Amino acid sequence: MASLKDMRVRIASTKATQKITKAMQMVAASKLRRAQMAAEAARPYAERMDAVIASIAGAAAGSGTGPALLGGTGRDQVHLLLVCTGERGLSGAFNSSIVRLARERALALMNQGKEVKFFCVGRKGYEQLRRTFDKQIVEHLELRSVKQLGFVNAEDIAKKVLARFDNGEFDVCTLFFSRFKTVIAQIPTAQQIIPLVVQAPAAASDAPKPIYEYEPAEDEILTGLLPRNLAVQIFRALLENNASFYGAQMSSMDNATRNAGDMIRKQTLIYNRTRQAMITKELIEIISGAEAI
């Protein structure tokens, strides 16, 4: 059995840990609001960009071959998985859930005879994936030195991906990130960005469809618009990841604070019982000695 001094040290260390987790929870809560607003503000622009591209792509469908970013290379053999995770831990299952989704997709593709490559954005995802797919990681980028995420960060990533696509290093690129839903709910998401999956616009009931004339031609517009859309989708994923990270960290630190409180109560109860037992034992020894005399 531990001595009373060891128990006091254990209680003190648990209280110190509780103070740290409580402070981290408050910091995450203060950063979550701004990150959530940024993620929600990016959604309408990205969705509207998809709608515009879908409309132009529909108009250009009969004009022949389109840009490779939209139509693909005609092959489906080499897949690049762009995995975006956090730079830090202590956020529950935030990082591991994204990596798990990417790992499952990679294993499924490899079972089909496909070649898989990884582009890791974030330190935690890289550390987990290199244990299994070290030789398949073609690039790793960390954003630890970035104080505030900007569109320029997404543009840099998009340029690296486009350079590899232009060099013929892969045929399909899939983006993995965590979509922010609520503080306690973050959804791991896989989104194919090369070639772009275009959803047909919802058809109206009986309303006449407007006719657009494009200048320059649709293919020229798509050639300039698709690379920007790639950067927009990556930027949206980074913002969603940022909000999801702080939401997951806030929840996990709140749970850690509660668990530390429970441990402190249990340890204090054991300490008090042990101390009382020792006092009772000493009193019995004194009384027994006095009666023996």
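The values are calculated or read from the model by the stated rules, or taken from the named source; none is laboratory data. The structure displayed is predicted, hence computed values, not measured ones. Note that we place each Cβ from the backbone using ideal geometry, even for glycine, and neighbour counts take in every protein chain shown.
Considering the range 95-116 alone, what residues qualify as being among the basic types (Lys, Arg) and closer than 15 Å to Phe176 by Cα? Result: Arg100, Arg103, Arg105.
Hey, among the residues in the range 45-66 that are of a type in the set (Val, Ile, Thr) and buried (at least 18 other Cβ atoms within 10 Å of the Cβ), which one's modelled with the highest pLDDT? Steps first, please.
Of the residues in the range 45-66, the ones of a type in the set (Val, Ile, Thr) are 52-53, 56, 65.
Filter once more, keeping what is buried (at least 18 other Cβ atoms within 10 Å of the Cβ): 53, 56.
Numbers: Ile53: 82, Ile56: 78.
So the residue we want is Ile53.
Do we have Asn259 as crowded, with 24+ Cβ neighbours inside 10 Å and assigned to a helix (DSSP H, G or I) here?
Here the answer is no, as Asn259 does not meet what is asked.
Quick one: Leu69 ticks every box in (1) modelled with pLDDT of 90 or more; (2) crowded, with 18+ Cβ neighbours inside 10 Å; (3) in contact with a strand residue (DSSP E or B) (Cβ under 9 Å, 6 or more places away or on another chain) bar one, so which box is it? Every listed condition holds for Leu69 apart from (1). Scanning the range 151-201 for residues that are out of contact with any Pro (no Cβ under 7 Å at 6 or more places or on another chain) and either at positive phi or hydroxyl-bearing (Ser, Thr, Tyr) (or both) returns Gly168, Thr174, Thr182, Thr189. Looking across Arg164, Arg179, one residue alone is at pLDDT 90 or above, over 18 Å from Arg236 (Cα atoms), basic (Lys, Arg) and surrounded by 10 or more Cβ atoms within 10 Å (Cβ to Cβ). It is Arg164.
For Thr14, the test of being hydroxyl-bearing (Ser, Thr, Tyr), part of a helix (DSSP H, G or I) and out of contact with any Lys or Arg (no Cβ under 9 Å at 6 or more places or on another chain) is passed.
Residues of the range 106-129 that are of a type in the set (D, E, K, R) and touching a strand residue (DSSP E or B) at 6+ places or on another chain (Cβ under 6 Å): Lys114, Glu115, Lys117.
Looking for something modelled with pLDDT of 85 or more and among the polar types (S, T, N, Q) - is there at least one such residue anywhere in the range 210-233?
yes
Going by the conditions given, is Ile287 touching a residue at least 24 places away in the same chain (Cβ under 8 Å), among the aliphatic types (A, V, I, L, M) and over 18 Å from Ala28 (Cβ atoms)? It is false that Ile287 is touching a residue at least 24 places away in the same chain (Cβ under 8 Å), among the aliphatic types (A, V, I, L, M) and over 18 Å from Ala28 (Cβ atoms).
When the range 94-120 is limited to residues that are touching a residue at least 40 places away in the same chain (Cβ under 8 Å) and touching a Leu at 6+ places or on another chain (Cβ under 8 Å), the one that is farthest from Gly247 (Cα to Cα) turns out to be Lys117. For Phe170, the test of being in a helix (DSSP H, G or I) and at pLDDT 90 or above is failed. Restricting the first member to the range 3-32 and to residues that are touching a residue at least 40 places away in the same chain (Cβ under 8 Å), and the second to residues that are among the charged types (D, E, K, R), the beta-carbon pairs closer than 8 Å and six or more apart or on different chains are Leu4/Arg275; Gln25/Asp254.
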